[in-house]
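The values are calculated or read from the model by the stated rules, or taken from the named source; none is laboratory data. Predicted model, so just to flag it, every value in this text is computed and none were measured. Glycine gets a Cβ as well: all are built from the backbone with ideal geometry, and neighbour counts include every protein chain shown.
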Amino acid sequence: MITVYLDSQDYSTLSSSRIEPAQEQIRERLREWSRSGAVRFVFSAFIVSEAAPTGPHANDFAIARGELLSNLCGENALLEGWLLLQEEARHLSSANDSPLSPLSPTGDFFPEIGFDDPPSLEQSVLETAPNRAQRRKSFKNGVVRPQFREQLRKLLSQTYVEQVVTKYPMKLEYADTFARFALGETSREEASAALRASIRDPRWLMSWFAANPELAKPIMEMVRKPGREMGLKARELIQYRDSFQSDPQTRNMPSAVWNDTAELKNMWVSHTSATVEYVAKRFCVHSDSLWPEHATAEGIAKYCPGLNAMVRSMLDSVWDSFGGGRKVEPTDSQFPDAMHAIYAPYVDVFRADRFMAPHIRRQLEGSRTTVVSLLAELPAVIERRLADR
């Protein structure tokens with residue numbers, strides 16, 4: 001069996017109602033491999049986030065993407081990205097050579113989602129009783145009267161479940177668990193497990209996203225927001241460079257680094273290595289791990305391959321516009337594409353778009369991973385990797 005990570009766009013292309021015959025053949029071939037167990041298709045929270053609808057016009061497309069994702073991947077979820085990077089940091093800190101699996105042992109691909117505790121019976125009465133007379137009637141010595149207790153308990157659990165279903169993507173089949181939690185008949189851990197079981201299903205999530213666009217926005221923005229922020233910073237960097245090159249006072253200075261492409265490239269490479277080290281240090285802090293005193297770029301690449309691939313492929317792609325002669329400004333999609341590269345070192349076949357694929361591929365030279373830049377080439381690559389097992 002080999003492991004394959006598809007590009008977000010693949011789920012859109014292959015689930016489209018206007019799919020072309022050649023693409024339909026690819027989709028059916030992927031399904032055959034998935035059903036047979038020859039290929040394990042995996043997905044991440046980043047994939048789910050990008051599959052979510054961007055508005056009412058995209059609801060049906062998102063549901064179709066969720067259906068295809070569930071059909072191909074099943075429960076083959078990868079660890080939430082930042083959790084994987086923290087695990088890498090721990091391996092770096094302890095020089096741990098044991099293999100690191102990116103697969104989520106529970107099928108969870110999002111971090112823990114908290115939810116509010118139900119109010120006490122007394123608090124619920126105080127908040128819902130229409131007037132002081134009704135509150136006095138319901139209480140005796142500060143406690144809800146026995147004759148009202150059972151009726152109010154049922155009302156409390158029903159109200160609490162309605163609030164949870166409205167606010168969180170919980171399947172109705174788990175409503176009874178939350179009703180019992182509201183009544184103190186089961187634990188928070190069991191209620192949390194019920195919510196996680198709902199979230200594990202991308203098919204259900206897409207339907208919930210479509211019905212609750214405002215509540216789903218934080219999840220949808222998980223990838224899109226940092227993409228916009230990093231895209232803006234990258235474009236500002238290009239504008240900063242352009243302002244110096246166009247300024248008569250600085251343009252022709254002999255010491256101006258932009259007059260020496262080789263020197264500029266050396267500085268960029270040095271900056272990239274420093275950035276990789278900085279990010280690795282930050283994840284050591286987040287994972288409560290000590291930074292190894294003699295950490296090297298090679299060590300970071302060995303123990304933190306996902307982090308290394310993400311940072312280096314992102315900055316490598318920005319270099320194309322900054323000093324590599326590419327006329328197109330960096331886009332908001334480059335950082336999200338680099339975020340997906342966290343998982344690239346851990347799979348056999350990794351799909352990326354035509355622009356980002358060579359940047360990711362460069363970071364994975366000598367690894368097990370084949371980076372594929374075109375969907376049309378994917379079946380042949382999978383066939384070859386299966387034959388090489």
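Starting from residues that are among the hydroxyl-bearing types (Ser, Thr, Tyr) and over 14 Å from residue 235 (Cβ atoms), keep the ones in the stretch 294-342 and report whichever is farthest from the chain's Cα centre (by Cα).
This residue is 296.
Looking at the stretch 14-44 only, could you name the residues that are among the β-branched types (Val, Ile, Thr), outside any strand (DSSP E or B) and surrounded by 18 or more Cβ atoms within 10 Å (Cβ to Cβ)?
Listed by number, the list holds a single entry, 26.
Going through 282, 354 one at a time, which residue ends up being among the basic types (Lys, Arg), farther than 21 Å from residue 226 by Cβ and surrounded by fewer than 24 Cβ atoms within 10 Å (Cβ to Cβ)?
Step by step, each of 282, 354 is checked, and only 354 is among the basic types (Lys, Arg), farther than 21 Å from residue 226 by Cβ and surrounded by fewer than 24 Cβ atoms within 10 Å (Cβ to Cβ).
Sort out which residues of the stretch 317-338 are touching a residue at least 40 places away in the same chain (Cβ under 8 Å) and surrounded by fewer than 22 Cβ atoms within 10 Å (Cβ to Cβ), and write them in order of number.
Matches in the stretch 317-338: 319, 321, 322, 323, 329, 331, 332, 333.
Let me spell it out: the conditions are (1) over 25 Å from residue 381 (Cα atoms); (2) free of Cβ contacts under 8 Å to residues at least 60 places away in the same chain, and residue 341 meets all of them except one. Which number is the exception?
(1) is the only condition that residue 341 fails.
Is it the case that residue 49 is outside the structural domain of residue 193 (by TED's automatic domain parsing), in contact with a Lys or Arg (Cβ under 9 Å, 6 or more places away or on another chain) and either at pLDDT 85 or above or of a type in the set (A, V, I, L, M) (or both)?
It is true that residue 49 is outside the structural domain of residue 193 (by TED's automatic domain parsing), in contact with a Lys or Arg (Cβ under 9 Å, 6 or more places away or on another chain) and either at pLDDT 85 or above or of a type in the set (A, V, I, L, M) (or both).
Inspect the stretch 142-165 for any residue being at positive phi, among the aliphatic types (A, V, I, L, M) and either exposed (fewer than 13 other Cβ atoms within 10 Å of the Cβ) or modelled with pLDDT of 70 or more (or both) and give the result as yes or no.
Scanning the stretch 142-165, I find no residue that is at positive phi, among the aliphatic types (A, V, I, L, M) and either exposed (fewer than 13 other Cβ atoms within 10 Å of the Cβ) or modelled with pLDDT of 70 or more (or both), so the answer is no.
Looking only at the stretch 68-114, count how many residues are under 30 Å from residue 296 (Cα atoms), among the polar types (S, T, N, Q) and not in a helix (DSSP H, G or I).
The number of residues fulfilling the criteria is 4.
For the stretch 292-316, enumerate the residues that are surrounded by 15 or more Cβ atoms within 10 Å (Cβ to Cβ) and over 18 Å from residue 100 (Cα atoms).
Residues satisfying the conditions are 292, 295, 297, 311, 312, 313, 314, 315, 316.
Can you tell which of 274, 234 is surrounded by 14 or more Cβ atoms within 10 Å (Cβ to Cβ), at pLDDT 85 or above, within 30 Å of residue 110 (Cα to Cα) and assigned by TED's automatic domain parsing to the domain that holds residue 341? Quick ask: steps written out before the conclusion?
Values: 274 fails: surrounded by 14 or more Cβ atoms within 10 Å (Cβ to Cβ).
After ruling out the rest, the residue left standing is 234.
Considering only the stretch 15-32, state which residues are in contact with a helix residue (DSSP H, G or I) (Cβ under 8 Å, 6 or more places away or on another chain), at pLDDT 95 or above and closer than 14 Å to residue 69 by Cα.
Hits for the stretch 15-32 are 27, 30, 31.
With acidic (Asp, Glu), crowded, with 20+ Cβ neighbours inside 10 Å and under 24 Å from residue 343 (Cα atoms) as the only criterion, which of 88, 75 stands out?
88
Given the condition touching a residue at least 24 places away in the same chain (Cβ under 8 Å), closer than 20 Å to residue 213 by Cβ and among the hydrophobic types (A, V, I, L, M, F, W, C), answer yes or no: does some residue in the stretch 159-178 qualify?
Yes, because at least one residue in the stretch 159-178 is touching a residue at least 24 places away in the same chain (Cβ under 8 Å), closer than 20 Å to residue 213 by Cβ and among the hydrophobic types (A, V, I, L, M, F, W, C).
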